[in-house]
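First the structure, in the form of structure tokens, and then the observations on it.
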Amino acid sequence: MRTITPICSLLLLILPALSHAQANPAPAPAELPRTAAPAGAMVYFISPTNGAKVTSPVTVRFGLRGMGVAPAGVTNPNTGHHHLLIDTDLPPDNLPIPNDEKHRHFGAGQTEAELMLTPGQHTLQLVLGDANHIPHQPPVRSEKITITVQYAC
């Protein structure tokens, strides 16, 4: 009985603080501003096509309709630059697109790239980013395609 009384007293002190924390959760971080994309804008692969069998290096050509290409940092209306996602899922639409081996940035306004890919199946997807590498609102992104890289003879 002597042990229970101090434990109950401690719980009576802690429980109100816990219920206050649950009633007032921390505010969500402010969303970054998003750049508007015009209706009907689309990004797509000119090559390779879905299901293509290719050898490495793979030349990937990007297509864009309803918008223009501008380097990163340029804030002209209805423009953006390409980001190529390799073997990964889409990042959050409200954050800058990561820059790593799975998320390639083409911030100089490039519309094609040569990729060294290992033999096997790979997925590719394009996302247009604004001057700050954040996807537009609504997002302008391609369908995810799958290619097979074969050994060169």
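Each value in this text was obtained by applying a stated rule to the coordinates, not by laboratory testing. This one's a predicted model, so the numbers in the text were calculated from it and none came from an experiment. All Cβ positions, glycine included, derive from the backbone under ideal geometry; neighbour counts span all protein chains shown.
Which FRET efficiency, nearest 0.05, do residue 52 and residue 99 yield, Cβ-Cβ r, R0 30 Å?
Efficiency, from the Cβ-Cβ distance: 0.70.
Measure of size requested: the Rg and Dmax of region 80-153, with Cα atoms as the atom set and Å as the unit; please supply both.
12.8, 45
Classify region 25-107: rounded, prolate or oblate, from the alpha-carbon gyration tensor (a ≥ b ≥ c, eigenvalue square roots; a/c under 1.5 rounded; otherwise prolate if a/b is larger than b/c)? Write out the running numbers ahead of the final one.
Working: a/c = 2.22, a/b = 1.44, b/c = 1.54.
Oblate is the answer for region 25-107, as a/c is 1.5 or above yet b/c matches or exceeds a/b.
Which trypsin sites (Lys or Arg not before Pro) in region 46-100 sit in a loop by DSSP (not H, G, I, E or B) and have at most 12 other Cβ atoms within 10 Å of their own Cβ?
Loop-located and lightly packed - none at all.
Which part of region 77-102 falls in the paramagnetic zone of residue 44, meaning amide N under 18 Å from the point 7 Å along Cα-to-beta-carbon?
82-83
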